[in-house]
Amino acid sequence: MNDDIFDTAATLRERLTRLHDEHHDLDEAITRLDDTSNSDELLVRRMKKRKLALKDRIAALERLLEPDDLA
């Protein structure tokens, strides 16, 4: 049973790493698009929305991996 928990935690950490990478890549792409004079505003808004969704998913996974114990 402990191996299953470890496997799950390892899987969550791998997913968290991928989400952090995607979040970082989106941040760079948004910055590059914002620097161009004729950037597609709709595309930038969609990318920012995706970035926020990733941030929420990252926070949820981090809470699963390191729950805040009050007891």
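Largest first, the residues 45, 15 sort by 1.4 Å accessible area into 45, 15.
Helix 2-35 axis versus longest C-alpha principal axis of the chain: approximately 10°, rounded to the nearest ten.
The aspartates and glutamates whose alpha-carbon is closer than 20 Å to the alpha-carbon of residue 48, local same-chain residues fewer than 8 away aside, are 21, 22, 25, 27, 28, 34, 35, 40, 56. So what's segment 1-60 giving for Rg/Rh, alpha carbon basis, Kirkwood Rh from the mean inverse pair distance? Expressed as Rg/Rh, it is 1.21.
The values are calculated or read from the model by the stated rules, or taken from the named source; none is laboratory data. Here the structure is a predicted model, which is why all the values come from computation and not from measurement. For accessibility, only protein heavy atoms count, side chains too; no ligands or nucleic acids. Shrake-Rupley method; radii C 1.70, N 1.55, O 1.52, S 1.80 Å.
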